[in-house]
1. Would you mind stating whether Lys30 is open to solvent by 50 Å² or more (accessible area, probe 1.4 Å), free of Cβ contacts under 8 Å to residues at least 40 places away in the same chain and away from the ligand (no atom under 16 Å from the Cβ)?
2. For the range 66-111, give me each residue that is within 16 Å of the ligand (Cβ to nearest atom), out of contact with any Phe, Trp or Tyr (no Cβ under 7 Å at 6 or more places or on another chain) and open to solvent by 50 Å² or more (accessible area, probe 1.4 Å).
3. Please work out if Ile197 is touching a helix residue (DSSP H, G or I) at 6+ places or on another chain (Cβ under 7 Å) and farther than 30 Å from Asp43 by Cα.
4. Name the pairs whose Cβ atoms lie under 7 Å apart, with the first residue in the range 84-109 and closer than 14 Å to Thr47 by Cα, the second of a type in the set (Val, Ile, Thr) and more than 15 Å from the ligand (Cβ to nearest atom), and 6 or more positions between them or separate chains?
5. Can you tell me which condition Tyr126 does not meet? The list is (1) closer than 19 Å to Ile39 by Cα; (2) within 16 Å of the ligand (Cβ to nearest atom); (3) of a type outside the set (Gly, Ala, Ser), and all the others hold.
6. Any residue at all in the range 116-134 that is of a type in the set (A, V, I, L, M, F, W, C) and over 24 Å from Ser44 (Cβ atoms)?
7. Give just the number: which of (1) assigned to a loop (DSSP other than H, G, I, E, B); (2) open to solvent by less than 80 Å² (accessible area, probe 1.4 Å); (3) over 30 Å from Tyr98 (Cα atoms) does Asp43 not satisfy?
8. Out of all the residues in the range 123-160, which are aliphatic (A, V, I, L, M), closer than 21 Å to Leu198 by Cα and open to solvent by less than 40 Å² (accessible area, probe 1.4 Å)?
Amino acid sequence: MNTKDILKNNEQWVAKKLKKDPDYFSNLSKGQAPEVLYIGCSDSRVTAEELMGASPGEVFVHRNISNVISNLDLSAMSVINYAVKNLKVKHIIVCGHYGCGGVLAAMESKDLGILNPWLRNIRDVYRMHKTELNSITDIEKRYRRLVELNVIEQCVNVIKTADVQLANKDYGLTVHGWVFDMATGKLVDLNIDYSSILDSIKEVYNLID
Ligand code: CO
C-alpha cells in the first residue's frame, strides 16, 4: 500500500459517503458523542472500529503496544480522563489479541532496549500469575493465557484510577476485557466483573468516597 493509493482511497471514500448523505461530513464535524472508549493493541491486524462494526464518531480509541495501561503514561491517563469526564463514555473496553508480539516478547527474559520499560508492565503480569502460567506446559496455551491475564490486569489498572471509580459511581460506567482471536475473527469476552475487582483491591486503591 503506497501513500498515493491511500490518498486516492480517501477521495473515493469521501465520494461514497457524500453520495449516500450529502451532509455526512458537515454532521460529523459538529461534534462527537461516543459511548465507548476502546483501548487496544497497535497491531495492524487488530483494528478498533472495523472489527466492532463501528462508524466514525462511535468509538474513542487509544492504542499502544499490547494494550497496556500504566499510571505513568500521561497519554493513556489523559485519554481515560477525557473519555469519562467530558465524553462520559458508558463503557471502557480493554481489548487484547492472541498472537500479540508484545506479550510474546515479554515472555522472553532478554534485554530488548527501549522496549524494556514498556514490556516490564507485562512481565509484572507474568510475575503476579507465574504459578498459574508455569503450570501450563503447552507454551502456545501459556502464551494465550498471558494475553488474557494481561487484559484482565490492564482492566484492573483502569479500575485503579480515581476518574473511573468516580464515573462508575456517578453514572454507572463499566469496564470490559476482551480478546480478539484473529484466527477466527471473533471477540472473546473475559467477563470482567467491575464490582468484584474493585472489592478485591479497594483496601489499597479505593480513591473516592
Ligand atoms: Co499486540
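The values are calculated or read from the model by the stated rules, or taken from the named source; none is laboratory data. Being a predicted model, the structure only gives us computed values, none of them experimental. No Cβ is skipped: glycine too gets one built from the backbone with ideal geometry, and neighbour counts run over all protein chains shown. Ligands, DNA and RNA are stripped out before the accessible areas are found, and what is left, the full protein with its side chains, is counted by its heavy atoms. Shrake-Rupley method; radii C 1.70, N 1.55, O 1.52, S 1.80 Å.
1. Working: open to solvent by 50 Å² or more (accessible area, probe 1.4 Å): yes; free of Cβ contacts under 8 Å to residues at least 40 places away in the same chain: yes; away from the ligand (no atom under 16 Å from the Cβ): yes.
So Lys30 fits the description; yes.
2. Glu108
3. No.
4. Close Cβ pairs satisfying both conditions: Ile93/Val36; Val94/Val158.
5. Status for Tyr126: all satisfied but (1).
6. For the range 116-134, residues of a type in the set (A, V, I, L, M, F, W, C) and over 24 Å from Ser44 (Cβ atoms): present.
7. So the condition that Asp43 fails would be (3).
8. Within the range 123-160, the subset aliphatic (A, V, I, L, M) is 125, 128, 133, 136, 139, 146-147, 149, 151-152, 156, 158-159.
When the remaining residues are screened for being closer than 21 Å to Leu198 by Cα, the result is 125, 128, 149, 151-152, 156, 158-159.
Hits for the range 123-160 are Val125, Leu149, Val151, Val156, Val158, Ile159.
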